[in-house]
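Quick notes on the structure that follows.
The values are calculated or read from the model by the stated rules, or taken from the named source; none is laboratory data. Just so we're clear, the structure is a prediction, and the values are computed from it rather than from any experiment. Here Cβ is always computed from backbone atoms with ideal geometry, including for glycine, and neighbour counts include all displayed protein chains. Note: areas computed on protein heavy atoms with side chains; ligands, DNA, RNA excluded. Shrake-Rupley method; radii C 1.70, N 1.55, O 1.52, S 1.80 Å.
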Amino acid sequence: MPKSIHSTQPPLKFIPQRHNPLMVKIISWFLPFILRVRTRPWLPAGIVNIEAKNADVLAKLYHEFQAGKVRFLIAFRHPEVEDPLSMLYLLSRIVPQVAKQKGINLKYPVHSHFMYERGMTLWAGKWLGWLFSRLGGVPIRRGRRADRNAIQMARELFANGKMPIAVAPEGGTNGHSSIVSPLEPGVAQLGFWCVEDLHKTNREEQVFIIPIGIKYSYVNPPWQKIDWLLSKLEADSGLGMTEISENGKQEDILYQRVLRLAEYLIAEMEEFYRRFYHQDFTEVITEEKSVNAVLIARLHRLMETALTITEQYFNVQPQGNFIDRCRRLEEAGWNYIYRDDISDIHSLPPLKRGLADWVAQEADLKMQHMRIAESFVAVTANYIQEKPTAERFAETILLMFDMLSRIKDSTLPGRPRLGWKQAMIFVGEPICVNERWENCQGNKQALRKGVSNLTQDLQMILQKMIGD
């Protein structure tokens, strides 16, 4: 996360992909080491094992792609920031190994182009954009109605590239290995465009979208680290000690503490918005009277408040779900900070430069309201209760850590690593796009419905793949 912004910034330029096979090979060589020490080399908290189910399906698809028979897009789940590394491991190691075992002839290296969110280079640094471009990445600005450079390049690579392309249809991480956020329609739309582009040039390749699920778990449940992190959050929030029965199960005790911390944080934020933003918070009435239901209703009301305040400042209409609204607000904020309308910031007279800096600084502050709401878009009432695993406890508590970090620090520090993790990657059956495209010919409404149906089907497949 970048430091707080105090001045206007140059425009966010498009970073064209410059695939470099040597760079891909170098990163692939060091990948096991990178997975283990991605952020803090001295902590036992990286990814030590990655396995895949049905990887032969992907190996066969690569064989057909290299033979010129198919084009395909990899639609992968995106719960954590480690997902690109897990996908790279799948393609560079697991798929070639399975292909060799099954006698499937592949040309090496096995790799893909991919799309990444342009904002990643803001919190990670410019070096990431340089690296991703050499690995074949295409940056996209998620909130733009039409990021033409990114869409055109992705469309061109899908139809004519020497490698497939990988896209995360959720558009961003949600911090939940067992919940798929609502999918954006871009993957389905790219599939339809690819069929159309091939049809125009009388090419006969079949077009597929292959769903990939990723699920992480701890090698050993880190209950002590979870207890430590929860205690730290309680202390940082100023939550006093209270009597909680120590006679119950460990999971029950932790759950009561999580509920208590959640209620406290929500109450504090309600008071903050009530006092300083003049918002009204009446008692929440829900059909369900459970503590969970009431807390989730209050959380959603708080998220609505934070987004509304930001939307009013940027004059953005509230359309769509929480994720859609966050995407549009991010783009609106960037338009105030990274000024496309200023050709040379340094040539501005002091008055105009001062006003531009003022606008950028205030926009950055207003976006923090959106960031808090963004952290909780996938939170549900019964996520821990349904399955009180260490993974679900850790995911929920880490989201609370993100919220407190955004408020108390000018930068968002790296998340605490609670223990060694392992990943299971699920390769689904390819979805043929050609038949769907042919059935939608005739009018734009039918095409829109076809894209919507494909998106919904992909959503159900991904959720089923990672279901417990």
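Output the residue which, of all residues in the range 323-346 that are of a type in the set (Phe, Trp, Tyr) and either open to solvent by 60 Å² or more (accessible area, probe 1.4 Å) or part of a strand (DSSP E or B) (or both), is nearest to Met367 (Cα to Cα).
Tyr336
Scan the range 6-15 and tell me whether some residue there is touching a residue at least 60 places away in the same chain (Cβ under 8 Å) and open to solvent by 70 Å² or more (accessible area, probe 1.4 Å).
Among the residues of the range 6-15, at least one is touching a residue at least 60 places away in the same chain (Cβ under 8 Å) and open to solvent by 70 Å² or more (accessible area, probe 1.4 Å), which makes the answer yes.
Just to be sure I understand the filter: pairs with C-beta atoms under 6 Å, separated by 6 or more residues or on different chains, first member in the range 440-453 and free of Cβ contacts under 8 Å to residues at least 40 places away in the same chain, second member surrounded by 11 or more Cβ atoms within 10 Å (Cβ to Cβ). Which pairs pass?
Ala446/Cys440
Per-residue answers, yes or no, for (1) open to solvent by 20 Å² or more (accessible area, probe 1.4 Å); (2) of a type outside the set (Gly, Ala, Ser):
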| position | (1), (2) |
| --- | --- |
| Tyr273 | no, yes |
| Ala306 | no, no |
| Asn321 | yes, yes |
| Leu351 | yes, yes |
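Which of the residues spanning the range 161-171 are touching a residue at least 24 places away in the same chain (Cβ under 8 Å) and either open to solvent by less than 10 Å² (accessible area, probe 1.4 Å) or farther than 25 Å from Ile466 by Cβ (or both)?
Gly161, Met163, Pro164, Ile165, Ala166, Pro169, Glu170
From the list Lys69, Lys107, pick out the single residue that is open to solvent by 60 Å² or more (accessible area, probe 1.4 Å) and at pLDDT 95 or above.
From the options Lys69, Lys107, the qualifying one is Lys69.
Can you name the residue in the range 29-61 that is open to solvent by less than 20 Å² (accessible area, probe 1.4 Å) and assigned to a helix (DSSP H, G or I) and is also modelled with the lowest pLDDT among such residues?
Step by step, filter the range 29-61, then rank; the result is Leu35.
Identify, from the list Arg417, Arg436, the residue that is open to solvent by 20 Å² or more (accessible area, probe 1.4 Å) and under 23 Å from Trp123 (Cα atoms).
Arg417
Conditions tested, residue by residue: (1) modelled with pLDDT under 95; (2) outside the structural domain of Ala154 (by the TED database); (3) open to solvent by 40 Å² or more (accessible area, probe 1.4 Å); (4) of a type in the set (A, V, I, L, M).
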position	(1), (2), (3), (4)
Asp197	no, no, no, no
Trp228	yes, yes, yes, no
Ser231	yes, yes, yes, no
Asp252	yes, yes, yes, no
Leu259	yes, yes, no, yes
Leu265	yes, yes, no, yes
Arg301	yes, yes, yes, no
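I'm trying to understand the selection: among the residues of the range 316-342, which are closer than 20 Å to Ile5 by Cβ and more than 21 Å from the chain's Cα centre (by Cα)?
Once the filter is applied, which keeps residues that are closer than 20 Å to Ile5 by Cβ and more than 21 Å from the chain's Cα centre (by Cα), the range 316-342 yields Val316, Asn335, Tyr336, Ile337, Tyr338, Arg339, Asp340, Asp341, Ile342.
Within the range 207-218, does at least one residue satisfy the condition of being free of Cβ contacts under 8 Å to residues at least 40 places away in the same chain and either touching a helix residue (DSSP H, G or I) at 6+ places or on another chain (Cβ under 8 Å) or in a helix (DSSP H, G or I) (or both)?
No: the range 207-218 contains no residue that is free of Cβ contacts under 8 Å to residues at least 40 places away in the same chain and either touching a helix residue (DSSP H, G or I) at 6+ places or on another chain (Cβ under 8 Å) or in a helix (DSSP H, G or I) (or both).
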